[in-house]
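Q: Next up is a structure, given as structure tokens.
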Amino acid sequence: MKAIISGGGSGGHIFPAVAIANAIKGRYPEAEILFVGAQGRMEMEKVPAAGYQIKGLPIAGLQRQLTLANIIKNLQLPYRVLRSRMMVRGIISEFQPDIVVGVGGFASEPTLKVAARMGYTTLLQEQNSYAGLTNKTLAKSAATICVAYEGMDRFFPASKIVYTGNPVRAEIEQMQCTKQEGCTHFGVDPSRPVLLSVGGSLGARSINHMLLANLQFFKEHQIQLVWQTGKWMYAEAAEAVRQAGLEEWIKVHQFISRMDLAYAAADVVVSRAGAIAISELCLVGKPLILIPSPNVAEDHQTKNAMALVRKEAALMVRDAECKEQGLPAVLELMNDEQRCARMSAALKAMASPRAAEKIVDEIDKLLKK
């Protein structure tokens, strides 16, 4: 069993890719798995840390902000695409995979396009409720498309679609830690309410600024905050909390590796609306306020969030309004136990456990053909 898995750029692509790889290894312990990512992106660090080999391509995305530097990058893009496709051809010829899996992100486009042209079987995994441009382009040649939301036949041929849900980290799917253990890990008091703020693996500027502008809110309302800032905001946030003397109430982290313990400690979660974050939050069932990022293709995070809002599984605050409305929404939710209970039940009803194993089931079906 030999598989190439391609994609990345953010945790929302990398975590499901690694989960799929782990599920393949769980079923086929002798399997050989090779990742293909984009040079300089997060996958080049996270994938080796998970124990897998990765090859990097010089691929990049189209820069939408027309600065001089970005114009130069855009002019270089055709060369990068051509160079990446030539490299992929060599990688595939040498590795000779049984299956090529794309999870979205810059690298998946040249990898799956070249693989299909070379006659290899390809499978797509689309995390979002609104399909990305890369996966829509690759769908024509894919044998199977694994999705996490209903109604994806708007984007893909219905005959190729299989509903599997989104693969998530094993420690979240198999979460067994208690609130006490989570609170102990983060140094918070289990008798006081805990808000967890996660803006994605790279952080979220508007959520961070909302919290930074309202540090005294947490002491005033006796709410503890576990705050993942991302690397760009960490130093500023940590210093502001120290100067305000609020270390007892606010625990600042650049990146939280033990998200199972973070979810266990939390009473309410504030999050971006990335597809993988939502899939994890459905499994753990914690009351949820979503602040979708406006800086994503086709505004797909708002569409992800609305899929939950329509089922009363989350509240949504728009990014432009979060500085004024975000924390009042937190306070309102924390003071409404019945609404929290309903939201938790609605989230768990939307959960899709065993998603990675279901995707491996589909790989098995393709290989048997």
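Q: Listed here are the pairs K2/K358; K2/K160; K2/K113; K25/K136; K231/K303; which of them are more than 25 Å apart at the Cα?
A: Checking Cα-Cα distances, K25/K136; K231/K303 exceed 25 Å.
Q: Continuing with the same structure: Per 0.36 nm of contour for each residue apart, how much would the distance between K311 and L75 grow if the chain were fully extended, relative to their Cα-Cα spacing?
A: Residue separation times 0.36 nm, minus the Cα-Cα distance, leaves 80.5 nm.
Q: Each label point is 7 Å from the Cα along the Cα-to-Cβ direction; what then is the distance between the points at N214 and R318, in nm?
A: 1.8 nm
Q: A further question on this structure: So who's got an amide H within less than 5 Å of the one on V36, skipping anything under 5 residues away but keeping other chains? H placed 1.01 Å off N, in plane.
A: Here I5, S6, G7, K55 satisfy the definition.
Q: Compute, for the stretch 105-155, the length of the dipole vector about the Cα centre, with Cβ point charges of +1 (Lys, Arg) and -1 (Asp, Glu) only. Units Debye, rounded to 20.
A: 220 debye
Q: What nm distance separates the two modelled labels at K140 and R154, each placed 7 Å from Cα along Cα→Cβ?
A: For K140 paired with R154, the spin-label model returns 2.2 nm.
Q: Can I ask one more? Using the Karplus curve 6.51 cos²θ - 1.76 cosθ + 1.60 with θ = phi - 60°, what ³J(HN,Hα) values do you get for each residue of the stretch 82-91, in whole Hz, with x for Gly and Pro?
A: 4, 4, 5, 5, 5, 5, 4, 4, x, 4
Q: Helix 275-284 against the longest principal axis of the chain: what's the angle in degrees, Cα atoms only, rounded to the nearest 10?
A: The two axes meet at around 60 degrees.
Q: Could you give the size of the charge dipole of the chain about its Cα centre, using +1 on the Cβ of each K and R and -1 on the Cβ of each D and E, expressed in debye and rounded to the nearest 20?
A: 1300 debye
Q: Can you work out the PRE-style zone for K369? Point 7 Å along Cα to Cβ, and I want the residues of the stretch 143-182 with backbone N under 18 Å.
A: Hits in the stretch 143-182 for K369 at 18 Å: 143-147, 153, 156-164.
Q: Additional query: If one computes the Cα centroid of the stretch 10-83 and of the stretch 92-154, what distance in Å separates the two points?
A: Rounded to whole Å, the Cα centres lie 14 Å apart.
Q: A further question follows. Testing the spin-label approximation: label points 7 Å from Cα along Cα→Cβ at Q65 and K2. State their distance in nm.
A: The two pseudo-label positions are separated by 4.3 nm.
Q: Follow-up question, since we're still on this one. Mind putting a number on the dipole of the stretch 90-199 about its Cα centre? Charges go on the C-beta only, +1 for Lys and Arg and -1 for Asp and Glu, and I need it in Debye to the nearest 20.
A: 340 debye
Q: May I pose another question? May I ask you to list the GluC sites (Glu not before Pro) in the stretch 267-369 that are in a DSSP loop and have at most 13 other Cβ atoms within 10 Å of their Cβ?
A: Loop-located and lightly packed - E312.
Q: Which trypsin sites (Lys or Arg not before Pro) does the stretch 173-234 hold that lie in a coil by DSSP with at most 12 other beta carbons within 10 Å?
A: K231
Q: Working out 0.36 nm times the residue gap between A235 and E332, then minus their Cα-Cα distance, what length gain in nm do you get to one decimal?
A: The A235-E332 span can extend by a further 31.9 nm.
Q: Next question. Calculate the FRET efficiency for E248 and R205 from the Cβ-Cβ distance with a Förster distance of 30 Å, rounded to the nearest 0.05.
A: With R0 = 30 Å, the Cβ-Cβ based efficiency is 0.70.
Q: Which loop GluC sites (Glu not before Pro) in the stretch 134-211, with loop taken from DSSP, have no more than 13 other Cβ atoms within 10 angstrom of their Cβ?
A: When the GluC sites (Glu not before Pro) of the stretch 134-211 are filtered for loop state and at most 13 Cβ neighbours within 10 Å, E150 remain.
Q: For the chain, what % of the accessible area comes from carbon and sulfur atoms, probe 1.4 Å?
A: 50 percent
Q: So what's the angle, to the nearest 10 degrees on a 0 to 90 scale, between helix 337-349 and the longest Cα principal axis of the chain?
A: Result, in degrees: 10.
Q: Right, here's the next one. Assuming 0.36 nm per residue, please report the length gained on full extension of the stretch R192 to F255 beyond their Cα-Cα distance.
A: That pair, R192 and F255, stretches by 20.4 nm at full extension.
The values are calculated or read from the model by the stated rules, or taken from the named source; none is laboratory data. If you're wondering where the values come from, they're calculated on a predicted model, not measured in any experiment. Cβ sites come from the backbone with ideal geometry, for glycine too, and all protein chains shown count toward neighbours. Surface accessibility is based on the protein's heavy atoms, side chains included, excluding ligands, DNA and RNA. Shrake-Rupley method; radii C 1.70, N 1.55, O 1.52, S 1.80 Å.
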